[in-house]
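Data first, discussion second: the structure below is written as structure tokens.
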Amino acid sequence: PCCATLPTWGWRVFPAQVDHTGRCSVSGLQLRREAVDAAERSQLCSSVERLASGAKDFAAFTRWVAQQGPWDFVLDGANIGFFGQGKQLNLVRAQAKLQQRHGAKERAEGGVAAEGPAGGGELAEQSVGGATKGCVGSAPSAACTCSGADSMALPKQTGLAREQANRARAERDREEMFDLSHVEAVLRTMQWARPGGAAQRVLVVLHEKHTTGRSAADEALIQKWRAEGVLFTTPRKQNDDLYWLYAALASGDACSVVSNDQMRDHCFGIFAPRAFVRWRERHVVRFCFREWSRQPTVEFPKPYSATMQHDPETGVWHVPSAESSGTWLCLVRGELDGTS
């Protein structure tokens with residue numbers, strides 16, 4: 001039934017549902033998928049290159065992509081490897097933050113009282129009343145090279161070293177959660193993800209830090225990917241997002257990224273927003289691992305775009321509702337078969 005009438009302009013508004021293929025339940029029309037054309041894609045590639053202008057060897061990477069591409073799928077290896085580790089990662093970060101605050105407090109207090117007898121040993125005896133061990137109760141002698149300021153330097157340096165050690169430990173704990181078997185499972189799934197029997201070309205983009213110091217099983221996986229030519233490792237201190245994003249954009253309209261990244265990071269905010277949103281809606285495959293299975297479930301983009309669309313032949317407008325996901329409004333001017 002019609003939910004509203006706009007008599008001045010002769011429009012009638014119907015609530016509508018759009019099925020998984022993109023067909024409207026009221027008009028029967030097929031919604032379109034809004035594409036990103038070659039010019040817009042080239043502009044997005046240029047934006048990524050500008051973002052990575054300070055990255056080491058990124059220009060060499062773009063040449064490598066031109067020689068080795070295109071790919072059908074590009075995998076955001078870090079996002080896949082850390083899947084399901086959100087709660088554990090938050091716990092690790094919280095512990096590291098508490099340790100950092102504890103270290104800062106110790107440095108502010110001179111690093112002495114916080115040590116205590118059990119944690120200090122010589123350090124607890126190092127500084128008393130501005131004097132140092134060997135000159136307690138009297139002014140430092142000429143033979144003594146210590147000073148009150150020097151006596152405080154060692155505890156402060158020790159507190160800073162402890163804080164750095166805590167950060168390194170937190171990073172190691174985080175890295176231990178990284179699961180390369182997830183990356184392997186998604187890689188094999190995407191290689192045969194499309195019907196037709198032909199293997200798809202897949203590129204795994206993985207930060208270098210995720211490929212070093214691994215277990216023997218992980219090392220074997222990494223060597224296998226290298227032998228197959230499906231792995232690219234990004235340099236340390238570089239944003240790996242820029243690498244998988246560029247590889248996917250440069251691979252053309254047939255390529256998709258496999259990632260659960262929402263791409264709301266600050267580095268994505270400077271793109272031409274409409275073009276990038278259209279690209280993201282059409283070219284990002286989501287994935288999930290269930291507790292009972294080591295095989296991923298993948299969700300391909302919808303075959304239509306969730307944007308306001310006009311059909312020039314019938315004059316019908318389809319507008320996604322802001323109130324309910326999956327609900328649309330179908331605007332009809334005059335009569336339309338099947339409506340009342």
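The values are calculated or read from the model by the stated rules, or taken from the named source; none is laboratory data. Since this is a predicted model, take the numbers as computed values, not measurements. Here Cβ is always computed from backbone atoms with ideal geometry, including for glycine, and neighbour counts include all displayed protein chains. Remember, those area values only see protein heavy atoms, side chains included, never the ligands or the DNA or RNA. Shrake-Rupley method; radii C 1.70, N 1.55, O 1.52, S 1.80 Å.
Details
- Multiplying the residue separation of ARG188 and ARG294 by 0.36 nm and removing their Cα-Cα distance gives an extension gain of 37.0 nm.
- Virtual paramagnetic centre 7 Å along Cα→Cβ of ALA59, amide N under 12 Å, in segment 221-253: none
- Potential lengthening of the chain between LYS237 and ALA216 amounts to 5.0 nm, from the contour at 0.36 nm per residue minus the alpha-carbon distance.
- Given +1 at the Cβ of Lys and Arg, -1 at the Cβ of Asp and Glu and no other charges, the dipole of segment 10-69 around its Cα centre is 100 debye to the nearest 20.
- Largest first, the residues MET308, MET263 sort by 1.4 Å accessible area into MET308, MET263.
- Under the simplified labelling scheme, the TRP11-ARG274 pair shows an inter-label distance of 1.8 nm, with each label point 7 Å from Cα along Cα→Cβ.
- Of the peptides 310-322, 240-252, 291-303, 22-34, the order by per-residue mean of other Cβ atoms within 10 Å, starting with the highest, comes out as 240-252, 22-34, 310-322, 291-303.
- Positive minus negative residues near GLN200 (Lys, Arg vs Asp, Glu; Cβ under 12 Å): +2
- Nearest-0.05 FRET efficiency for THR307 and MET177, computed from C-beta distance (R0 41 Å): 0.60
- Proportion of all alpha-carbon pairs of segment 197-297 beyond 16 Å (%): 67 percent
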